[in-house]
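K.L.:
First the structure, then my questions, so here it is.
Every number here is computed from the coordinates shown, using simple stated rules; none is lab data. Quantities reported herein were computed from a predicted structural model and do not represent experimental measurements. When we count neighbours, we look across all protein chains shown, and the Cβ atoms used for this are built from the backbone with ideal geometry, even at glycine.
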Amino acid sequence: MEKLIIKETKHSPLVALDHKTGAFEIKGSSFLDNAHEFYMPLILWVKEYAKKPAEITKLQFDLNYINTSSQRMLFDFLKELNAMHKTGAKIHIDWLYDENDYDLRDVGEDLLSFMEFSYKIIEKVS
């Protein structure tokens, strides 16, 4: 299994998923015309990773914009992590949002409120 690295573009976030350390990062903007096409490789990668996860998986979201179709796909991605958690894997997510960006904070709270693993919603103060 290889690390999954997807470079950030104007419309898609940086994705860095490291199977050895369990350090995951999704950072940038996600306003994709075809979010399914972008996020399915992440979901499939996590399904494979779930067979032999790191001792703890820590994911940091640092998004500055996310459209509705990306939110739906991120929810599916998070459900895969939640399924891992249910089998005993340790999962923790930090959802960062810019100071006073309450819409993005609310998106994180909405998505993560359905999950059973630990998470924090963290305001980035400039």
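K.L.:
Give the lysines whose C-alpha is closer than 17 Å to that of LYS3, dropping any in the same chain fewer than 8 places away, or say none.
P.N.:
LYS20, LYS27, LYS47, LYS51, LYS52, LYS58
K.L.:
Taking every DSSP beta bridge with both residues inside the chain, roughly what % is antiparallel (nearest 5)?
P.N.:
The antiparallel proportion sits near 25 percent.
K.L.:
For the residues LYS10, LYS47, LYS90, what sequence is obtained by ranking on other C-beta atoms within 10 Å, fewest first?
P.N.:
LYS10, LYS47, LYS90
K.L.:
Based on DSSP H runs of at least 4 residues, each adding -39500 (n - 2.57), what is the mean residue ellipticity at 222 nm of the chain after dividing by all its residues, to the nearest 500 deg cm²/dmol?
P.N.:
-11500 deg cm²/dmol
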